[in-house]
Amino acid sequence: MRILLLGAGGLLGRHLVAELPHHGHALTALTHPEADITDTHRLDELFRQPWDAVINTAAVCNFDLCENAPDVTARINRDAPLDLADRCHAQGAKYVQFSSDYVFRGDLERPLTERDAPAPLSAYGRQKADIEKEIPHRCPQSLVLRISWLYGAGGKTFMSLLPSLLASDSSLRVAAGKTGRCLYAPDGAEWTRLLLESPRTGLVNLVNDGDTSWEQFAHACLDEMDAAGLHPRCRSILEVPYADLGPNWSKRPHHSALDISTLSREFPPGPRPWREALAAFVRTQKSFAER
């Protein structure tokens, strides 16, 4: 396939840059400075070329910024993805866009399926819910992949930074009481490719298998680092109640585990368990440390 990747400088984008050419795809990967998805003139130029598929990983994931400047961030998180969907439909290209578990309220303590109705609490969640609703209508030949808790080497999320935090700090404070499912970025890139290569369209939940929490993930990461011989400095993980973290935290879903039955039925056995993916992540940290 001739694939255009936008947002190639982000965590998932970088892993797609590694994944797609390895499987024979002709990839044009552009970072934000090379192609701002809100720049219609730049997009006009890019869409003069024929594409078999367009993948957009560009987004504003800064939760507080989305709350404080929703009109500004909506241009990137909602308006630009809808414009890309229109352009892909006009050209006959398959469009891949990413959504989030933040489309849910987080009051159901069970895995959430693609059929569960979104009920976002935040500006960021509303922006993602809007694209989930609109993109399939604008571009029927599209995939909207709902992900959560993305982490990996070089990422800036809490889970991405956790090995270095555990290695350097004697104790660590972790928000407790939030449950969900995480996605290891290399696994996200692989499953995105598999879905792109398949006839599948529509909304699909994409995470590693199994529920967890931030505090459980932190304890498991510490265990995996010990097992790998990384000798983390941290010996104490302090669990801070979720309700004590400030008013904006109330707008984040408390329980947002994404059900992956759809993905697992179509590609059995489905994504690997989160603990297995975490072990792979820790091994990459060990290889970096040994260089």
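A short reminder: the numbers here are calculations on the coordinates, not readings from a lab. Note that the coordinates shown come from a computational prediction; the quantities given were computed from them, not determined experimentally. Don't worry about glycine lacking a Cβ; one is built from the backbone with ideal geometry, like all the others, and counts go over all protein chains shown.
Below, the figures for the structure above:
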item	result
Relative contact order, percent, the range 158-291 [alpha-carbon distance under 8 Å, six or more residues apart]	40
Phi to ³J(HN,Hα) by Karplus 6.51 cos²θ - 1.76 cosθ + 1.60 over the range 26-42, Hz, x for Gly, Pro	8, 10, 10, 10, 10, 7, 4, x, 7, 7, 7, 5, 8, 8, 5, 5, 5
For the chain, share of DSSP beta bridges that run antiparallel, in % to the nearest 5	5
Relative contact order [Cα under 8 Å, 6+ residues apart], the chain, whole percent	19
Cα lying deepest toward the dipole's positive end in the chain, options Thr284, Gln91, Thr262, charges on Cβ	Thr284
Lysine pair count for the chain [Cα-Cα under 27 Å; pairs on different chains or 8 or more apart]	11
Pairwise label distance in nanometres, Glu109 with Leu65, each label 7 Å out on the Cα-Cβ vector	3.6
Label-point separation, Arg272 to Glu197 (7 Å along Cα→Cβ), nm	1.7
Only Lys, Arg (+1) and Asp, Glu (-1) charged, at Cβ; the chain dipole about Cα centre in debye	180
Paired Rg and Dmax values of the chain, which use every Cα atom, in angstrom	18.8, 56
Per-residue [θ]222 nm for the chain (sum of -39500 (n - 2.57) over DSSP H runs n ≥ 4, rounded to 500)	-12000 deg cm²/dmol
The range 184-291, dipole about Cα centre (Lys/Arg Cβ +1, Asp/Glu Cβ -1), debye to the nearest 20	280
Among Thr179, Thr57, Leu4 - extreme Cα towards positive end, dipole of the chain, charges at beta-carbon	Leu4
Inter-label distance, nm, simple model (7 Å from Cα along the C-beta direction), Glu34/Ala119	4.3
Lys, Arg +1 and Asp, Glu -1 on Cβ, resulting dipole of the range 102-154 about Cα centre, debye, nearest 20	80
Gained length - Thr157 relative to Leu238, 0.36 nm times residue gap less alpha-carbon distance	27.3 nm
Max mean-square fluctuation residue, GNM over the chain, Cα-Cα springs under 10 Å, options Glu132, Glu19, Glu109	Glu109
